[in-house]
Ligand code: AMP
Ligand code: MG
């Protein structure tokens, strides 16, 4: 966990936080076997190796005539006798011989003796004869056996999150069950005397608990099992108690609120009392107050209470760590340079993540801000599809400037 006192004393850079958070998490090792219908979004625990060739037989890519290319040398036309009519699903094993052709449909296996398919558009059929133009290259419109997947070849790597295309690959292999990592269990709770259930009535001074709902949605999209510990008031004993309960049940605990330096910011104290605290101030905006540590076997992530700050930290720092914990191969961040429209001046020294709309236009990537950027403005995050990232130190950006943009849907 590193040196706790060192962690407490200073604000660390975004990059250092990123590294330390990733270092906290140990990928799960437990696996389960699921059917293809349950597999999308799950993380493959073992590589998948092709056990059959796909296609299994050389077959026709077009409707036409299967011929021996040796019959089509030279120029001009040649007349071949049609000896069989072969549709997809059929099979023919006795020809064509020289001077013969087999009428063939897309997907039908190339019969022995043929090595080329001549598309029907360039043939002239007359009864049992077909007239074909010579000079067609050998192998044209033939899909070779194993052209897509060859026996023994690794078709899906371990650590891959399964997408629809991957499910198609498994199905093409005749594989109807796969070994995936078990789901991770994430316990969440909100803190704050002012925070109330969304289904409740709002009295003066209260706010609906938007953090927990947003977080639950984000975790659901990732495929985590969420265990909801509700809302906990600003009470040290209550926070300690929920932390201890959660630590026994989950892989990860995520809380929101109560981590900044205020009279009621008790999450850090509770964590220090009941577990180990790592660090808590990150030089980023929004999202400076955070708390990381461990409780028993669980990793603890304490997010700031401001709804935009909390979800921003989740997107940027927590999600990549969770993905790693889930057994996923951590991909690099999706980032791009884009042309900025607008005006923004930043005076503080922290790295800034502005909520932005990235548009991939025909003239290249363009970006603008979603509007005012206050850390309480949830609509600024809801409208965004990306973060515009400004480096440490004071900086002004204006229309036409090239700026760095990070995609929001990064894993
Ligand atoms: P805190 O980090 O606890 O100091 O909270 C910072 C701000 O975020 C305060 O204005 C809180 O009322 C607000 N806040 C904290 N938790 C939530 C929550 N779960 N839903 C909505 N707003 C919250
Ligand atoms: Mg609070």
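The table for this structure:
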{"item": "Computed label-point distance, nm, for sites residue 23 and residue 202 using a 7 Å Cα→Cβ extension", "result": "4.3"}
{"item": "Modelled label reach - residue 115, point 7 Å along Cα→Cβ, region 123-165 residues with backbone N closer than 17 Å", "result": "134-145"}
{"item": "Fewest-first sequence of 224, 134, 123 by Cβ atoms within 10 Å of each Cβ", "result": "134, 123, 224"}
{"item": "Reciprocal of mean inverse Cα separation for region 54-208 (Kirkwood radius, Å)", "result": "19.9"}
{"item": "Length released on extending from residue 122 to residue 272, taking residue separation times 0.36 nm less the Cα-Cα span", "result": "46.0 nm"}
{"item": "Degrees separating the helix 14-24 axis from the principal Cα axis of the chain, which is the longest one", "result": "80"}
{"item": "Length added when fully stretched, residue 361-residue 237, from 0.36 nm per residue minus Cα-Cα", "result": "39.3 nm"}
{"item": "Compactness index (Cα Rg / 2.2 N^0.38 Å), the chain", "result": "1.41"}
{"item": "Highest-fluctuation residue, 149, 378, 105 considered, GNM on the chain with Cα pairs under 10 Å", "result": "105"}
{"item": "For region 59-143, fraction of C-alpha pairs farther apart than 16 Å, in %", "result": "40"}
{"item": "Share, in percent, of DSSP beta bridges within the chain that are antiparallel, nearest 5", "result": "70"}
{"item": "Fully extended contour minus Cα-Cα distance, from residue 77 to residue 133, at 0.36 nm per residue", "result": "19.7 nm"}
{"item": "Ranked 312, 361, 201, 269, criterion: other C-beta atoms within 10 Å, fewest first", "result": "201, 361, 269, 312"}
{"item": "CD proxy at 222 nm, helix term only [per DSSP H run n ≥ 4: -39500 (n - 2.57); per residue of the chain; nearest 500]", "result": "-5500 deg cm²/dmol"}
{"item": "The chain: most fluctuating residue of 185, 98, 212 per GNM, C-alpha cutoff 10 Å", "result": "98"}
{"item": "Angle between the chain longest axis and helix 210-222 axis [Cα atoms, degrees, rounded to 10]", "result": "30"}
{"item": "Order of 44, 303, 360 - criterion: other Cβ atoms within 10 Å of each residue's Cβ, fewest first", "result": "360, 44, 303"}
{"item": "Estimated FRET transfer efficiency (residue 193, residue 334; beta-carbon r; R0 41 Å; 0.05)", "result": "0.60"}
{"item": "Cα long-axis angle, helix 236-249 against the chain (0 to 90 degrees, to the nearest 10)", "result": "30"}
{"item": "Cα shape, region 335-407, gyration tensor, a/c 1.5 rule", "result": "oblate"}
{"item": "Candidates 223, 287, 95: whichever shows maximal mean-square fluctuation once the chain is modelled as a Gaussian network with Cα springs under 10 Å", "result": "95"}
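Every read-out reported here was derived from the displayed coordinates using simple, explicitly stated rules and does not represent laboratory data. Keep in mind the model is a prediction, meaning the values are calculated, not measured. Don't worry about glycine lacking a Cβ; one is built from the backbone with ideal geometry, like all the others, and counts go over all protein chains shown.
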